[in-house]
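Visitor: Before anything else, here's the structure in question.
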Amino acid sequence: MPLELTSLLKYWYSHQKNRVRWREALSEEYQLECGVRQGGLTSPSLFNLYMNGLIDELSKTNVGCHINGVCVNNISYADDMVLLSPSAGALKQLLTICESYAVAHGLRYNAKKSELMLFKAHNKSYTIPTITLGGSPLSVVTHFKYLGHWVEEELKDDMDIERERRSLSVRCNMLARRFARHADPEAALLPLDQTSSY
């Protein structure tokens, strides 16, 4: 059975044709030569199989941040990966593994979409050396968004709380408007002290 499934996936991916829709227009068909289908049900699982080798290689180095004796040097979800290291030298070692894996497996990192952040402690000033990915320097940021949550250099969650507060306000306003349309017009005209006397 596994061989049949592998053959099916191989056939399926080698015979895919794509088109791009722009408003009402469709492009000419073209062959998909690499990657998994965007939005496909099997795509996350197939991509994980592809990336497990890199995650294993990174984990085996034992280079990274240690929590209760366990080395944690990468947090990965599909094609979103965060590398964690206690020093610039350790980070360079992890990036070298990523670059070698990319070359061996036909991947390419986009340094413009990759960022470097230093977690700061006790208001100390730090000098951050230039760290490169594929020969391009990574931009240094004070915060970044990972899987929908803001991570900040000072280990605060103010930005995330503010984002959630705004989101909650928007949802509450939507509910208030929806129910205001169906409310009893006479009840809406009652003074506040009469409506809140429970």
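The values are calculated or read from the model by the stated rules, or taken from the named source; none is laboratory data. Bear in mind that the values here come from a model prediction, so they are computed numbers and not experimental data. Cβ sites come from the backbone with ideal geometry, for glycine too, and all protein chains shown count toward neighbours. Accessible surface areas use protein heavy atoms only, side chains included; no ligands, DNA or RNA. Shrake-Rupley method; radii C 1.70, N 1.55, O 1.52, S 1.80 Å.
Visitor: Give the stretch 145-158 a look and list any residue that's under 18 Å from residue 116 (Cβ atoms) and open to solvent by less than 80 Å² (accessible area, probe 1.4 Å), or say none.
Guide: Scanning the stretch 145-158 gives 146, 150, 151, 152, 153.
Visitor: Looking at the stretch 55-68, is at least one residue closer than 26 Å to residue 10 by Cα and in contact (Cβ under 8 Å) with a residue 12 or more places away in the chain?
Guide: The answer is yes; a qualifying residue exists.
Visitor: Among the numbered conditions (1) at pLDDT 90 or above; (2) of a type outside the set (A, V, I, L, M); (3) surrounded by 10 or more Cβ atoms within 10 Å (Cβ to Cβ), tell me where residue 130 comes up short.
Guide: (3)
Visitor: Another question about this same structure. Looking at the stretch 101-111, can you tell me whether even one residue there is more than 30 Å from residue 34 (Cβ to Cβ) and free of Cβ contacts under 8 Å to residues at least 40 places away in the same chain? Explain how you work it out, then say what you get.
Guide: Quick first cut of the stretch 101-111, residues more than 30 Å from residue 34 (Cβ to Cβ) only: none.
Checked the stretch 101-111: no residue is more than 30 Å from residue 34 (Cβ to Cβ) and free of Cβ contacts under 8 Å to residues at least 40 places away in the same chain.
Visitor: Further question on the same structure: Considering only residues that are of a type outside the set (Val, Ile, Thr) and either in a helix (DSSP H, G or I) or under 19 Å from the mean Cα position of the chain (by Cα) (or both), which ones fall in the stretch 100-109?
Guide: 100, 101, 102, 104, 105, 107, 108, 109
Visitor: Looking at residue 62 and the list (1) in contact with a Leu (Cβ under 7 Å, 6 or more places away or on another chain); (2) at pLDDT 90 or above, which single condition is not satisfied?
Guide: (1) is the only condition that residue 62 fails.
Visitor: Going by what's in this entry, would residue 71 be described as open to solvent by less than 70 Å² (accessible area, probe 1.4 Å), under 22 Å from the mean Cα position of the chain (by Cα) and of a type outside the set (Ser, Thr, Tyr)?
Guide: yes
Visitor: On to the next question. Inside the stretch 13-59, can you point out the residues that are in contact with a Leu (Cβ under 7 Å, 6 or more places away or on another chain) and either among the polar types (S, T, N, Q) or within 18 Å of residue 104 (Cβ to Cβ) (or both)? So that I can check it myself, show each step before the final result.
Guide: In the first step, residues of the stretch 13-59 are kept if they are in contact with a Leu (Cβ under 7 Å, 6 or more places away or on another chain); the result is 16, 18-19, 36, 58.
Within the stretch 13-59, 16, 18, 58 qualify.
Visitor: Tell me, which residue of the stretch 113-127 that is over 17 Å from residue 97 (Cβ atoms) and touching a strand residue (DSSP E or B) at 6+ places or on another chain (Cβ under 8 Å) is modelled with the highest pLDDT?
Guide: 115
Visitor: Name every residue in the stretch 87-113 that is loosely packed, with under 13 Cβ neighbours inside 10 Å, at negative phi and out of contact with any Asp or Glu (no Cβ under 9 Å at 6 or more places or on another chain), in order of residue number.
Guide: Correct list: 87, 89, 96, 103, 104, 105, 108, 110, 112, 113.
Visitor: Tell me yes or no: at least one residue of the stretch 179-187 is out of contact with any Pro (no Cβ under 8 Å at 6 or more places or on another chain), in contact (Cβ under 8 Å) with a residue 40 or more places away in the chain and not in a helix (DSSP H, G or I).
Guide: no
Visitor: State which residue pairs qualify: first residue part of a loop (DSSP other than H, G, I, E, B) and inside the stretch 118-145, second residue open to solvent by 70 Å² or more (accessible area, probe 1.4 Å) in any location, beta carbons under 6 Å apart, and separation of 6 or more residues or different chains.
Guide: That search, which allows pairs on different chains as well, returns 118/126; 120/154; 128/140; 130/137; 134/109; 141/115.
Visitor: Taking the stretch 32-68 as the region of interest, how many residues are touching a strand residue (DSSP E or B) at 6+ places or on another chain (Cβ under 6 Å) and over 22 Å from residue 92 (Cβ atoms)?
Guide: The qualifying residues number 1.
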